[in-house]
Amino acid sequence: MAETRIIYGFHAVISRLRQNAAAVQEILLDSERRDRRVQDLLRLTESHGIRVMLVDAGRLDGVTGHARHQGVAARVEVARLPAHIDDVLDNLGEPPLLLILDGVTDPHNLGACLRVADAMGVHAVIAPKDRAVGINATVSKVASGAAETVPYIAVTNLARAMRELKEREIWLIGADEAGAQELYAVKLSGALAWVLGAEGEGLRRLTRETCDELVRIPMLGTVESLNVSVSAGICLAETRRQRKA
């Protein structure tokens, strides 16, 4: 039997319907809502023949863990993405572009990172099994479908996984405020993995030491740090710009 997950919120549910309606098993809808957004959703579900259950707000609160579900949730099949980084790397037709996240425990940050990774064509996101949030309903909602398109590889030992990437000639670049070079002065055209830590804490010592190079994002204003998903977006966008050039 396929593994299932609850996603919630109009944007997340509609995105899933448009991307892969066959994976949506059922939709739970607040019986008190009759606005235009609900009507648009119902037309979409009807066109795909998906069962809709009208329930009270308490039922929705229960299945979503009292999250901000907006009156809609869906039970969906979990996409079967590669579970090991070798499965990703062995089937690429271009130099690998990976995102390694060290110590990201906030589901909103992880969801935003997955969304950025999808937009920038990242082949996989790698994170430790411990000290990391993992994929859950909140992550899926924030990711707006990217949790089902970008492989998320959870590893037992992050430093060891990074060393294995080095053996495959993938350059590991850590985003760190103590980096010797600025982002825009670094060549980013080959096989590489960006390594980012959580906002505030940054990269752990062993993770930082395992990187091949540390690069800083130039900060021209008054703020001292950026959200990890914003940093990821800046680094990945510059990587894609250089590759295209």
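Among the residues of the range 228-243, are any outside any helix (DSSP H, G or I), on the phi < 0 side of the Ramachandran plot and in contact (Cβ under 8 Å) with a residue 12 or more places away in the chain? Quick ask: steps written out before the conclusion?
First, the residues of the range 228-243 that are outside any helix (DSSP H, G or I): none.
No: the range 228-243 contains no residue that is outside any helix (DSSP H, G or I), on the phi < 0 side of the Ramachandran plot and in contact (Cβ under 8 Å) with a residue 12 or more places away in the chain.
Do we have D102 as under 25 Å from A191 (Cα atoms), among the acidic types (D, E) and open to solvent by less than 20 Å² (accessible area, probe 1.4 Å) here? Yes: the conditions hold for D102. Within the range 59-83, the set of residues being open to solvent by 40 Å² or more (accessible area, probe 1.4 Å) and either of a type in the set (K, R) or in a strand (DSSP E or B) (or both) comprises R59, R68, R75, E77, R80. Within the bounds of the range 196-209, is there any residue that is open to solvent by 20 Å² or more (accessible area, probe 1.4 Å), within 30 Å of A73 (Cβ to Cβ), part of a strand (DSSP E or B) and without any contact (Cβ under 8 Å) to a residue 40 or more places away in the chain? No - not one qualifying residue is present in the range 196-209. Of all residues in the range 15-42, those that are among the β-branched types (V, I, T) and within 17 Å of E77 (Cβ to Cβ) total 2. Under the condition of being surrounded by fewer than 16 Cβ atoms within 10 Å (Cβ to Cβ) and touching a residue at least 12 places away in the same chain (Cβ under 8 Å), the residues counted in the range 23-37 number 6. For the range 58-82, a residue qualifies if it is under 14 Å from K141 (Cα atoms), under 19 Å from the mean Cα position of the chain (by Cα) and of a type outside the set (A, V, I, L, M, F, W, C), but none of them does. When E3 is tested against (1) among the acidic types (D, E); (2) in contact (Cβ under 8 Å) with a residue 60 or more places away in the chain; (3) crowded, with 17+ Cβ neighbours inside 10 Å, exactly one condition is not met: (3).
Can you tell me which residue in the range 144-167 is nearest to A74 (Cα to Cα), limited to those that are open to solvent by 20 Å² or more (accessible area, probe 1.4 Å) and among the β-branched types (V, I, T)? Taking the candidates together, the pick is T149. Quick check on the range 44-58: of everything there that is in contact with a strand residue (DSSP E or B) (Cβ under 7 Å, 6 or more places away or on another chain) and outside any loop (DSSP other than H, G, I, E, B), which residue is surrounded by the most Cβ atoms within 10 Å (Cβ to Cβ)? Here the residue is T45. In the set A193, A117, A147, A127, only one residue is within 21 Å of the chain's Cα centre (by Cα), at pLDDT 95 or above, assigned to a helix (DSSP H, G or I) and of a type outside the set (D, E, K, R); that residue is A117. Considered as a group, the residues in the range 105-132 that are β-branched (V, I, T) and within 21 Å of R243 (Cβ to Cβ) include one that is most open to solvent (accessible area, probe 1.4 Å), and that residue is V116.
Every test in (1) of a type in the set (A, V, I, L, M); (2) touching a residue at least 60 places away in the same chain (Cβ under 8 Å); (3) open to solvent by 20 Å² or more (accessible area, probe 1.4 Å) is passed by I170 save one, and that test is (3).
The values are calculated or read from the model by the stated rules, or taken from the named source; none is laboratory data. Predicted, not measured: the structure shown is a model, and the values here were computed from it. Glycine gets a Cβ as well: all are built from the backbone with ideal geometry, and neighbour counts include every protein chain shown. We work out accessible area using only protein heavy atoms, side chains counted, and drop any ligands, DNA or RNA first. Shrake-Rupley method; radii C 1.70, N 1.55, O 1.52, S 1.80 Å.
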